[in-house]
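First comes the structure, then the notes that go with it.
The values are calculated or read from the model by the stated rules, or taken from the named source; none is laboratory data. The shown structure was predicted, so the numbers you read here are calculated from the model rather than taken from an experiment. These area figures cover heavy atoms from the full protein model, side chains too; ligands, DNA and RNA do not enter into them. Shrake-Rupley method; radii C 1.70, N 1.55, O 1.52, S 1.80 Å.
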Amino acid sequence: DAGVTQSPTHLIKTRGQHVTLRCSPISGHKSVSWYQQVLGQGPQFIFQYYEKEERGRGNFPDRFSARQFPNYSSELNVNALLLGDSALYLCASSLERNTEAFFGQGTRLTVV
Amino acid sequence: GIQVEQSPPDLILQEGANSTLRCNFSDSVNNLQWFHQNPWGQLINLFYIPSGTKQNGRLSATTVATERYSLLYISSSQTTDSGVYFCAVDRRDNYGQNFVFGPGTRLSVLP
């Protein structure tokens, strides 16, 4: 079975641009969460979606938004990119809201 | 919010040595997981262990939820064990999954 897949794996954007990151959960998993990991730190929670509804939001500005589709895949959108948005963005899926989570390989975003 | 501490921050071992990594958390949790982050950034699941003890080959973990800590044991370490080990917890009264990660323990295993 395929694990959590994220696309693209690497991305370079210019300040002020918009970016969309994609995540496909493990088949049958209904919960998707997004995390940001800057160099040298642990991942920070951004959003959780369960059954296509937002169930949790971390301390991130409104430039960050996300959605979950009927097939449970998810997109993370970031508007008006800043240099500080450069990070590894990780997606996790789990069967239910509070069960074991599995992470994708991440999308490494560089803002120049 | 919940605080997660990990110790030691850095650990250097010779191949074949044993080690214990610790995770302390400040509140009751309903989920605790240990991860190994490989050099390419992927978080590899080691244990899902909100309480009790589990073993998987050379690795084992124990969580004492009432005392708010978890331990990860690595025996007979190998160079492939190198990387960063994260503990992540999810609060007991949280409606959904909102992991708080510790700062990690960076392990280097020397040949």
Cα-based radius of gyration of the range B:4-105 once divided by 2.2 N^0.38 Å, which approximates compact folds: 1.03
Gaussian network model of chain A, Cα within-10 Å springs - most flexible of A:I12, A:I46, A:I26: A:I12
Karplus 3J(HN,Hα) series, Hz, for the range B:65-78 with 6.51 cos²θ - 1.76 cosθ + 1.60 (x for Gly, Pro): 5, 5, 9, 6, 8, 9, 10, 10, 9, 10, 9, 6, 4, 10
Using θ = phi - 60° and Karplus 6.51 cos²θ - 1.76 cosθ + 1.60, couplings along the range A:14-30 (whole Hz; Gly, Pro as x): 9, 3, x, 6, 10, 9, 10, 10, 10, 9, 10, x, 4, 3, x, 7, 9
Solvent exposure ordering (accessible area, 1.4 Å, most first) of B:L71, B:L107, A:L83: A:L83, B:L71, B:L107
Lysines whose Cα lies under 17 Å from that of A:K30, excluding same-chain neighbours fewer than 8 positions away: A:K52
Sequence-distant residues sharing a close amide H with A:S86 (under 5 Å, placed H): A:V111
Long-range amide H partners of B:E15 with built H, under 5 Å: B:L110
Rounded to whole Hz, the Karplus (6.51, -1.76, 1.60) HN-Hα couplings of the range B:31-40, x for glycine and proline: 7, 9, 10, 10, 10, 10, 9, 7, x, 8
Within the range A:5-111, percent of DSSP bridges classed antiparallel, to nearest 5: 90 percent
Amide H contacts under 5 Å for B:I44, placed H, 5+ residues apart: B:H36, B:Q37, B:N38
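With an 8 Å Cα cut-off and a minimum separation of 6 or more residues, compute the relative contact order for chain B in percent.
37 percent
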